[in-house]
Structure formats: structure tokens, C-alpha cells
Amino acid sequence: MGATWYYSRVGDSACIPSTASAVPTAVPAAVPTTTATPRHSALVRVTHWITTLCFFALLVSGAEIVISHPRFYWGETGNDLTPTLFKLPIPASRNLVPTGYGYVLPDQNGWSRYLHFQSAWLLVFTGLLYVVFGLWNGHFRRNLLPEGADLSWRALSTSIASHLRFERPIAAEASSYNVLQRLSYLFVIFILFPFVIWTGLAMSPAFVSAVPAAVNVLGGQQSARTLHFFVSLALVLFLLVHVGMVWFAGFRSRMRAMITGTVITGRAATTKEGA
Amino acid sequence: MSEPSTREPSLRDLSRRKLITTGLAATAGVAGLGVAARLAQKYGLIPPDHGGIYGLGETLTYASQRLLTRHSLAREFSRSQISERPFPNEIEPPTDEFKRLQAGGFADWRLSISGLVARPASFSIDQLKSYPSRSQITMLQCEEGWSYIAEWIGVPLSQILQAVEVLPQARYVVYFSIEPDTWESIDMADALHPQTFLTYGMNGSELPVGHGGPLRLRVPRQVGYKNVKFITHLKVTDSLKGVGKGLGSASAEAGYAWYAGI
């Protein structure tokens, strides 16, 4: 484990022009100074926060849309007169929707739908920018693709066990993702987000008139709606774990890294890790 | 093992050449956006509710779907997929005029057509039925999330528009319900679309009042609220600016998107 190992994980530094030159290749543990080390590129930080903003807008507006009909079905169709797959234990925004509640929540579908689609567009463009740039500059290969050795059963079980024991992350993880992080991020970026976009589009009567397979392979329009709901739940679960882990790993340092792009290394890091 | 880039940009790199190319690129970008906006306007890719904070998203949705779906057909289903229990959405209590027409078996119901047509006309339900009838088994889905599949019987709107000879400058068809303050509009791509029906029948019989009888405009590529019940009047126009508040529909004035293909 030397400077080369360290650098190979901090690939994003290529995108940070000004501070990169100031970073020494290795900070001697004895020197009682702190140094700002590049962590996240400007593109990663900007797309991260735009995605955060869009996700909250989609979550709030999506919840508002669900309130107007908190019943879910499987197949092509479903309505107030048909049996449900399940229903959410909340009142609806209309008294005729059978939810088992006597009172009615306000209907907020107008602005909710406008906001939902507006933030979806912004998120799609942001995601495309991130993915195209990440493929082009090697961000995924360097920072997110687990290395072969990390994918061995032994390495994976070690990482899972250390997560289950709630061990504080080692200092190296301030500048590089561990294997479970890498797999989670890749899953969210390349599986959950594409699937939530797909299931969303599959609900559009105009879109599926041009691309009927988008809804047919999901088993119908109501199936698409139900799947959209569950993928959204999976994304919310990811968000909760993500924020929880950021808190656990050190909220200030991780937030600083995602806002300013740098992590503080040096005395603090070496003492914590025990060098 | 990949090393990070050895490139270390600094202020020195910000040469005159770089400033000039950046300036040119920015100018080209702004000009490109201007041209795109002009082209979008020319080809009818800008919805009437393009203003306000949600205007960009609405314009992107409408423009991209118009380019993608101009001629595509809504999914049609087999007879066995027709919903046994189609949900008739709430309707306002009928007006006195509606009650009077209903008492007469809707024999006096009229659909009048005005605006940019060579021969403004008025049709009774029987006159509409004298045109070759068409049927489609398509899904009606509400923006709230529920849906059903039914067989819809009627005459394609394009056929009636042909009969009254729509003028070439027509861009929208506005349609009005007998219910007060209930009106919508669609562009000519949807108005002339083969599945856009003036619907008077459902599942082999007359269109029930609960589902919009005697006459409902069926636009199967858009969600429920564009499928207005109790149609009495059509107006063909080249601009929606003079209709209501200029947003294109009563639902847009109430804060719901004018284009509802989603």
C-alpha cells in the first residue's frame, strides 16, 4: 500500500485543476499539518446536488400524486370498482376513492404533475451528463467499478461483516469508496434510475403509442405504475442508508468533500486511523 | 493502474485564443437556442401553457412527444380485455338544459362547429351516426392513476372536420361541454388522428350519461380529462390566445397541463 495505490483510487483529482498541484504524493504521518486533498470532481459535485434537488421534488410531487389514488393494481387496468393488489393506509384526495377513511386530503395534482415532469426532465439531462462524462473520463472505471480482488467472496464478506459491526470506516475510505458502496452506487445509477424512468414512461399513453413494448413487457399499465412505486421506494431506502452512512462516517468531512471537493488529510486522519 | 491526468491547468492557459473560442461557442449556443425556439414555434412544438416556472418541462414533454408520436396509434386491446366494471367518474349535477335534452332522448342535441371552416355546421347525434361508424378498444386512464378498457364507438373527428372543410391555417380544435366552464383543446395532430372519435357508443350500446353520453370526445393518447363529456361545440382556430385566458383549456387555467399525453 503506497502512493500508487492511493492515487489509483482518487481518480477524480484529474478534474480538479487548481488544488491538485498542491497535494504532496504522500503525507508523512509525523507532520502535524492538515492538507486539502482532492476528492470529488466539480462535475460529480454539481450533478450530485442537482440530482438531490430533483429527487426531493420528484418525491414530494410523487407522494402528492399517489394521494389522489392510493390504490395499486396489477395488469392493464384497475379502478375504484376493481379489487386492488394493495392499498396504502392513507386517505385519498377524493371521497369516492375507497380507502376506508372518512376524510379527504386536498387535491394537489395540478402543480404536483407539473413539478414531477419538470424535475424528471432536469434529472434525466443531469444523469445523461454524468453518465456520458463518467464513461468518457473514466470516473466509473476508476472510482465505482470494484476491482477484481474486492469481488472475491472473502473480501465481500469481510466488508459486509465490518458494516454489520458498524465499524467506523478506515481513513482510506475518505478518499475512496469501499466495495459495498461501489456496488450500491452502480446499482442505483445503472439499474434503479433507468428502471424508474422506464416505468414512468410506461404509464404515458402517448409514449407507449410509439413504443408499446415499454409497457407490454412490464405486464400492463397498472403493473408499470405499481413497479414505479416500488422502485421509488427502493430509491428512498437508498437515500436513507446513504444519508445514514454519511452521518456515521463523519457528516462534516463527507459534506465538505461533496461541496468543496476536498477532504482534509494529515494529522486528524492519521490519529484516527492509528496510522 | 491508471494515473490521474498530469495536466495542470492554470490561469496561464486562459490565452486569448481560448477566450475567443469560448466567446464564439457561447454566441453559437445562444444563437442555436434562438433558432431552436423559432423552429419549435414554426413546427407547433410549443404548448399554450409554456409560460411560468413549469413551462420548460411542459415544452420538452410536448415537443418530444409530438416528434415521437405524431402518427403512432394508441394501444388497442382484445374484446376479452374490456373491463367488466368501467368506472364512470363523478359528473356535475346536470343542468336544466341537459335534463330537457335527456327527456327528449337527446334528439335535439346539437354539435355545432365554427371557426376556421369553409362551411360552419351543426350536427344531431343521428346525423353523426349517418357517417360510417368506427370502434376502438382502448384504455381510458385518469391522471389520478386509475383506468379501464372499453370499446368506444363513434365517428372519427377527422371525418367531420373534412365534411365542414377545415381551412389550411387551422392549428387547434377547441371543444366545449354542455357543463359550464368545461372545455379543452387539441392540436391538429390529435384532431386528425384516426383514433380521435366523436364517441356516441360504448361496449356495443349507447354511450351512458355517466361516461359522457350522448357525445364525448375520445382522445386515447391523452389522459382522462382531455376526453371531455357532453360535447356541444367545436371551434377550429389558428391560435388559442383569444380563447379563455389563452392557456388552451379550462384544466390549464385550473393548474393542470394542457397537453396530457404525459
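Taken together, the values in this text are just the output of simple stated rules run on the coordinates, not laboratory data. What you are looking at is a predicted structure, and each value in this text was computed from that prediction instead of being measured. Neighbour counts run over all protein chains shown; Cβ positions are idealised from the backbone, glycine included.
Here are some notes:
- Amide H contacts under 5 Å for residue A:34, placed H, 5+ residues apart: A:267
- Viscosity 0.692 mPa s, 37 °C: Kirkwood-radius Stokes-Einstein D of region A:129-173 over Cα pairs, µm²/s: 264
- When B:259, A:185 are sorted by how many other C-beta atoms sit within 10 angstrom of their C-beta, beginning with the fewest, the order is A:185, B:259.
- Local charge for residue B:199 was computed over the other residues whose Cβ lies under 9 Å away, with Lys and Arg +1 and Asp and Glu -1, and equals +2.
- If R0 is 22 Å, the Cβ-Cβ spacing of residue A:185 and residue A:165 corresponds to a FRET efficiency of close to 0.50.
- Computed over every Cα-Cα pair of region B:76-253 and binned at 10 Å starting from 0, the pair-distance distribution P(r) comes out as 10, 40, 38, 12, 0 percent.
- Couplings 3J(HN,Hα) of region B:97-106, computed from phi: 5, 4, 4, 4, 5, 5, 4, x, x, 6 Hz, in residue order, whole Hz [Karplus 6.51 cos²θ - 1.76 cosθ + 1.60, θ = phi - 60°; x for Gly and Pro].
- The calculated 222 nm mean residue ellipticity attributable to helices in the protein assembly as shown amounts to -13000 deg cm²/dmol, summing -39500 (n - 2.57) over DSSP H runs of n ≥ 4 and dividing by all residues.
- Taking amide H atoms as placed 1.01 Å from N in the peptide plane, the amide H of residue B:112 lies under 5 Å from those of B:123, B:233, B:234, each 5 or more residues away in sequence or on another chain.
- Charge context of residue A:210, other residues only, Cβ under 15 angstrom, K/R +1, D/E -1: +2
- Taking chain B and dividing mean pair separation by its residue count, relative contact order in percent (alpha carbons under 8 Å, at least six apart): 19
- Nearest-0.05 FRET efficiency for residue A:132 and residue B:24, computed from C-beta distance (R0 22 Å): 0.40
- Gaussian network model of chain B, Cα within-10 Å springs - most flexible of B:104, B:154, B:23: B:23
- Residue exposure sequence - B:122, B:80, A:119 - by fewest surrounding Cβ within 10 Å: B:80, B:122, A:119
- Spatially, region B:60-100 and region A:177-219 are offset by 26 Å when compared through their Cα centroids.
- Remark: A:64, B:76 ranked as B:76, A:64, counting other beta-carbon atoms within 10 Å and listing the fewest first.
- Peptide B:80-89 has a mean shielding of 4, counted as Cβ atoms of other protein chains within 10 Å of each residue's Cβ.
- Peptides B:243-250, B:215-222, B:85-92, A:222-229 ordered by packing proxy, namely the average of other Cβ atoms within 10 Å per residue, highest first: B:215-222, A:222-229, B:243-250, B:85-92.
- Dividing the Cα radius of gyration of region A:154-252 by 2.2 N^0.38 Å, with N the residue count, gives 1.42.
- Alpha carbon centroid spacing (whole Å) that separates region A:123-164 from region A:38-95: 26
- Amide H partners (placed H, <5 Å) of residue A:264, local residues excluded: A:37
- Debye log10 I(q)/I(0) at q = 0.09 Å⁻¹ for the protein assembly as shown, Cα point scatterers: -0.78
- Summing charges over neighbours of residue A:260, with a neighbour being any other residue whose Cβ is under 10 Å away from its Cβ, gives +3 when K and R count +1 and D and E count -1.
- Volume in Å³ per residue [convex hull over Cα atoms, computed for region B:177-262]: 98
- Region B:14-65: C-alpha gyration tensor shape, a/c 1.5 cut-off, then a/b vs b/c: prolate
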